[in-house]
Amino acid sequence: MAYVAIADRDHEIEHHDPTTFITKYIWSQDHKVIAIQYSVTALFVGLVALVLSGMMRLQLGFPDTFAFITPTYYYQFITMHGMIMVIFLLTALFLGGFGNYLIPLMIGARDMVFPYMNMMSFWVYLVSVIVLLSSFFVPGGPTGAGWTLYPPQAILPGTPGTEWGIVLMLVALALFIVAFTMGGLNYVTTILQARARGMTMMRLPLSLWGIFMATILGLLAFPALFVSAVMMTLDKAVGTSFFMPAITSMGQQLDYSGGSPILFQHLFWFFGHPEVYIVALPAFGLVSDLLSTHARKNIFGYRMMVWAILAIGGLSFVVWAHHMYVSGMNPYFGFFFATTTLIIAVPTAIKVYNWVLTLWQGNIRLNVPMLFAIGFIFTFTHGGLTGIFLGNVVVDLPLSDTYFVVAHFHMVMGVSPIMVVFGSIYHWYPKITGRMFNKTLGLWHFWITFLGTYAIYLPMHYLGFLGVPRRYFAMGDTAFMPESAFTLNQAITISALIVGAAQLIFLYNLISSLRNGRKAGHNPWQATTLEWQTPDTPPKHGNWGHELPEVHRWAYDYSVPGYHDDFIPQNVPADPSIPGYDQGNPGSDHGTSS
Amino acid sequence: MTFALVFLGVIMATIIGWLLRQSLNTQPWEANDPLENQPGRGVLNVEPAKIALISFIAVVTSLFALFLSAYLMRMKLGDWNPLTEPKLLWLNTGLLVLASIAFQLTRSASKRAQLPTVKAGLVAGGVCTILFLLGQLVAWQQLNAGGFFMTGNPANAFFYLLTALHGLHLIGGMWVWGRTTTRVLTGADAQSVYLSVELCTVYWHYLLLVWIVLFALLLST
C-alpha cells in the first residue's frame, strides 16, 4: 500500500467536532486549546517565579530589613525561581504554547497528527507543575540546592528541602520530560508529515524551523536530565552511591562511598547546555518572523538562517563542559570546550547580522511586537557578547562565581527569550482572541520592561567585575566591596520591583482586551504566513473550513515589486493579470537570499 | 561521555544531513515552482506513526547511551566490584529472541492476511515477553538472595537500574501489543492491524538489540 500524504486525503478523514463544554475546553484535543492551556499554566508559574525573584532582590538590596526572608527561604527562592523560569515557563511556553498553536496553523494542517497524545502531554505537564508547587507545602519546604541541584549538597542535611523538596523536584522534572516527549514526538511528526500541498521544508516560516530544531534538541537532551534525576532519586531514597562520595555530614560518616559528583555535572550540563538552545532557537525563529512582517521585508538570508539553526543545534551538544571550567576537570577539556563554544558564536552572529540587515531600509512599522523584537536584538547581542567573555577559560575562572555570570545568563536566556515571548504574544493575540490589545498599555509595558532590564542587569556586570559573589544570602562586611556596590544593589532592587510590577500592565492588557479590544479582522498585521489566512478568526476546530490551503510561495513575499499589496500570502497563486508578474521570479530582484 | 556523544553524533548527523538536503538546490524565494505542489511532494513516504516510533527510538537510544556513559564513567572509580550475572539471563535472552521472531512472523502473516498465524504469532510474542519479564524478576530475586543488594555496590545498582529500565520499556510496548491482540481476537481482520503489528515488531527488535548491548556490557564488566 502506497502511503498517501495527510494533506492529500483530507476529504477522506472524518472530523469530529467536540460538542460538550468539557471536550471543547477541558479535555480538549484541539491544538489551539491545548496551546492556550499550556501558555496559561506556564505564565502562572512564571508569575510565581517572578514573585520569588522579587523577594530575593528585596533581601539583596536591603539586607537585614525583611525578617521573614531567612537564608533557608532565600536558597529555596533561588532554586525554584531558576528551575521554574528555565523549564516550566520558557520551555513549556515556547514548545507547548507557541509550538502547539503555530505548527498546525503555519503548515496548513487541521491539527497535530496525534491529538490524543497532545492532550496527554498537557495534562502530564500540569501534574508536574502541581508536584513542583506542592513542594512549597511539605515539611522542610522546596529544595534549596540551586537550580543545578549539584550533589552531594542537594541531598545532604543542611541544605533546605532535603526531606521532601528534592524528591518532589526530581519527580516533577521526570514528569515534565515525559510530557515534553509526548508533545515533542507530535511536533516532529506533524511538521514532517502533515504539511499542506506545496509547503516544502524550505517554505516553512523560520518560527517553525526554530521550534522543529528545538524539539529535536529537547528529545535528545532531556534524557540526560532524566538519567541524572533517576540516579539522584535512588541516591537519596534508596542509598545507592551513583553520585555520592564517601562523606562525613555533621560529624557522622554516611553510608555513601565512591560516587562521583562530577558525573552528575556532566550529565546535568549535557542536558543543560542544549536546554539553552531549546529556549533560544524558538525565540530566534519567532523573532525572525516578527521582524520580517513588521519591517515589510523578506527575511535576509533565509537559507543561511536555516543553516545557522542546524549548525547551532548540532554544536549545542559539544559545548556543555564550559559550564564546568571551575569543577576541576582536565585543563585540556577546557581548551576543547572553549574552542567549540567560540565556534558556536559564528552561526549565532550570522543570525544577528541577518536580523539587522532585514531591518535595513525596511518599511519599519513600530508596532508593539516590533518593539519587542528590536529590543530582543539589543538584549541578545549584549548577553551574547558577555558569553564570549565567559567562554574563555581564563576569563571565566575569576568571574564564574560572581554577578557577572548572573548578568550574562539573565540577559541572554532570561530577558531575550522573554522579549520574544512578549512580542509574539502581542503579535498573535489578534489571531488567538480575534481582538486587538490596547496599544498604549503595550507601549508602557515595552518601555518599562526594556529600559528596566538594562537598569537591572548592566550594573550587575560591574558588580561582577568588583568580585561580588553570587549565591550569597548576605555580603556582610567585605573590604573589597565599595559603598557604591551596596547602593547599586539597592538601585537594582528598585528597578527589579518596578519591572516586576509592570508585568501587571501586561496581564491586565491581555485580560481586559479579551472583552474591550476592538475587533482585529483576520490579518491585522498584513502578514503572509498561513495562520493569518484562516476563514475564521479565531480559527475554529479544524482550522480551515472545507478546503485545506495550498501553498505557492515562501513565507516572506513582502513588498514585492509590481504587486498591488505589499505582501502576498503564501496561499496566493501567481496572478497573470499583473504585467510581468508571472514571468518567473518576482522575488529575485528585491533583496536576495542565501 | 564519549559513548553518548558518538551515539548522539550519529543521530544528529542523520537528522541534520536530511534537513540540509532539503535546503540544497532550492530557491524558496522563487514562487510557483509547479513541481512543488504535486500531491505528497516533500512529505516522507512513511506512516506518521512510524515516524513517531522512530523518533521515540532515537529518544530511548539517547537515554540508554547516557546511562551506559554513566556506567562506564562510574566503573573507573575505585569501589567498583564486578557483579557475576545469574546464568538465568541467558535463558531470558533466548525468550526475548523468540518474542522477536514471533513478531517478525506475525508481521509477514499480517501482510499476507493470514489471520490464524497473526493470532498465534501475537499470542506467542506476548507470552515470550511476559516470560522474559518474569525471568528478569527471578534473576533479581536470585541476586537478592545471594546478598547482592542495590546499595551494596554501584555495579549491583546499575544492574538493577538498567534491567528495570529495559523492562519498563517492554511493558510500555505490551500496552500496544495488548490493544492489537484484543482487536485481532475480537474480530479485526489481519491486514487492518498491519501497522500496529509492524510498529510492535520494530520496537521489539529494537529492545532486543538494546538488551543484547546491555547484556554484553554487563557480562564483560
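Only the coordinates and a few stated rules stand behind these numbers; no lab work does. Since the structure is predicted, the reported quantities are computational estimates derived from the model, not experimental observations. Reconstructed Cβ throughout: ideal geometry from the backbone, glycine too, with neighbour counts over all protein chains shown.
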Just add up the charged neighbours of A:Val33: K/R +1, D/E -1, any other residue whose Cβ is under 12 Å from the Cβ of A:Val33.
+1
Please compute the Kirkwood hydrodynamic radius of the range A:28-200 from all pairs of different C-alpha atoms, in Å with one decimal.
17.2 Å
Two decimals is fine: what's Rg over Rh for the range B:1-78, C-alpha atoms, Kirkwood radius as Rh?
1.20
Can you show me the helix-derived [θ] at 222 nm for chain A, built from DSSP H runs with n ≥ 4 at -39,500 (n - 2.57) apiece and divided by the number of residues, rounded to the nearest 500.
-19500 deg cm²/dmol
Average Cα contact separation per residue, chain A, under 8 Å, 6 or more apart, as relative contact order %:
15 percent
Compute the distance in nm between two label points, each set 7 Å from the Cα along the Cα-to-Cβ direction, one at A:Tyr25 and one at A:Ala349.
5.2 nm
Shielding of A:111-119 by other chains, given as the mean Cβ count within 10 Å, works out to 1
In whole Å, how far is the Cα centre of the range B:8-31 from that of the range A:363-442?
28 Å
Tilt of helix A:416-433 relative to the longest C-alpha principal axis of chain A, in degrees (0 to 90, nearest 10)?
40 degrees
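In deg cm²/dmol and to the nearest 500, what is the mean residue ellipticity at 222 nm of chain B if only DSSP H runs of at least 4 residues count, each as -39500 (n - 2.57), divided by the residue total? Kindly include the intermediate steps, with their values, before the conclusion.
On the way: 6 runs with 164 residues, N = 221.
Value at 222 nm, helices only: -26500 deg cm²/dmol.
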Estimated distance in nm for a label pair at A:Asp477 and B:Thr186, the labels positioned 7 Å out from Cα along Cα-to-Cβ
7.9 nm
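Please give the net charge around A:Ile155, taking every other residue with its beta carbon less than 12 angstrom from that of A:Ile155, where Lys and Arg add +1 and Asp and Glu add -1.
Numbers: positive: A:Lys236; negative: A:Glu163, A:Asp235.
So the surrounding residues net to -1.
Tell me, what is the Rg over Rh of the range A:119-231, with Rh the Kirkwood radius over Cα pairs? Could the numbers behind the result be given before it?
On the way: Rg = 17.9 Å, Rh = 15.9 Å.
Here Rg/Rh amounts to 1.13.
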Express in whole angstrom the spacing between the alpha-carbon centres of the range A:480-554 and the range A:32-92.
21 Å
Could you sort the peptides A:85-97, A:311-323 by per-residue average Cβ neighbour count (10 Å cutoff), highest mean leading?
A:85-97, A:311-323
Residues A:Leu451 and A:Val40, FRET efficiency given R0 of 41 Å [Cβ-Cβ distance, rounded to 0.05]
0.90
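Using only Cα atoms, figure out Rg for the range B:84-221 and give it as a multiple of 2.2 N^0.38 Å.
Values: Rg = 16.6 Å, N = 138, 2.2 N^0.38 = 14.3 Å.
In units of the 2.2 N^0.38 Å rule of thumb, it is 1.16.
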Two decimals is fine: what is log10 I(q)/I(0) at q = 0.24 Å⁻¹ for the range A:400-499, from a Debye sum with one equal scatterer on every Cα and no solvent?
-1.26
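Just to verify a number: FRET efficiency for B:Glu30 and A:Ile364, C-beta to C-beta distance, R0 = 30 Å, to 0.05? Mind dumping the intermediate values first?
Numbers: r = 26 Å, r/R0 = 0.87.
Approximately 0.70, to the nearest 0.05.
Once you charge only the Cβ atoms, +1 for Lys and Arg and -1 for Asp and Glu, what is the size of the charge dipole of the range B:54-140 about its Cα centre, to the nearest 20 debye?
On the way: 7 positive and 2 negative charges, 75 e Å.
Charge dipole, the range B:54-140, about its Cα centre: 360 debye, nearest 20.
Dividing the Cα radius of gyration by the Kirkwood radius, what Rg/Rh value follows for the protein assembly as shown? Let's see the in-between values first.
Working: Rg = 27.5 Å, Rh = 28.2 Å.
Computed over Cα atoms, the ratio is 0.97.
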Counting sequence-distant residues (5 or more places) and residues on other chains, those with an amide H built under 5 Å from that of A:Thr240 are A:Asp235
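Compute the convex hull volume of the Cα atoms of the range A:271-327, divide it by the residue count, and report the result per residue in Å³ as a whole number.
Working: hull volume 4.6 nm³, N = 57.
For the range A:271-327, the hull spanned by Cα atoms encloses 81 Å³ per residue.
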Rough spin-label spacing in nm, given labels placed 7 Å along Cα→Cβ, for A:Ile494 and A:His522:
5.2 nm
Collect residues whose amide H, placed 1.01 Å from N in the peptide plane, falls under 5 Å from the amide H of A:Arg435; neighbours closer than 5 in sequence don't count.
A:Ala520
Taking the Cα atoms only, what angle lies between the long axis of helix A:302-315 and the longest principal axis of chain A, rounded to 10 degrees?
30 degrees
With +1 assigned to the C-beta of every Lys and Arg and -1 to the C-beta of every Asp and Glu, and no other charges, what is the dipole magnitude of the range B:1-78 about the Cα centre in debye, to the nearest 20?
520 debye
Work out how much length A:Trp444 to A:Leu126 would gain on full extension: take 0.36 nm times their residue separation and subtract the Cα-Cα distance, in nm to one decimal.
111.3 nm
Going by average Cβ neighbours within 10 Å, how do the peptides A:250-259, A:101-110, A:490-499 rank, with the highest at the top?
A:101-110, A:490-499, A:250-259
Charged-residue dipole, Cβ positions (Lys, Arg, Asp, Glu), the protein assembly as shown about Cα centre, Debye nearest 20
560 debye
Number of partner chain Cβ atoms within 10 Å, mean per residue of B:11-20:
5
Averaged over residues of B:57-68, the number of beta carbons from other chains lying within 10 Å of each residue's Cβ is 5
Got the relative contact order for chain B handy, in percent, Cα pairs under 8 Å and 6 or more residues apart?
25 percent
With angles folded into 0 to 90 degrees, how steeply does helix B:48-75 sit against the dominant principal axis of chain B? Use alpha carbons for both and round to 10.
30 degrees
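Just to verify a number: FRET efficiency for A:Ala246 and B:Ser220, C-beta to C-beta distance, R0 = 35 Å, to 0.05?
Working: r = 27 Å, r/R0 = 0.78.
In this case the efficiency is close to 0.80.
Using the Kirkwood formula over every pair of different C-alpha atoms, what hydrodynamic radius in Å results for the range B:58-137? Provide the component values of the computation, followed by the final result.
On the way: mean 1/r = 0.0655 Å⁻¹.
Across the range B:58-137, the inverse of the average 1/r is 15.3 Å.
Sort A:5-18, A:148-161, A:500-513 for me by packing, meaning the mean count of neighbouring Cβ atoms within 10 Å per residue, highest on top. Please list the in-between numbers first.
Values: A:5-18: 13.1, A:148-161: 19.9, A:500-513: 16.2.
Descending mean neighbour count gives A:148-161, A:500-513, A:5-18.
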The set of residues whose placed amide H lies less than 5 Å from the amide H of A:Ser249, leaving out same-chain residues fewer than 5 positions away, is A:Leu254
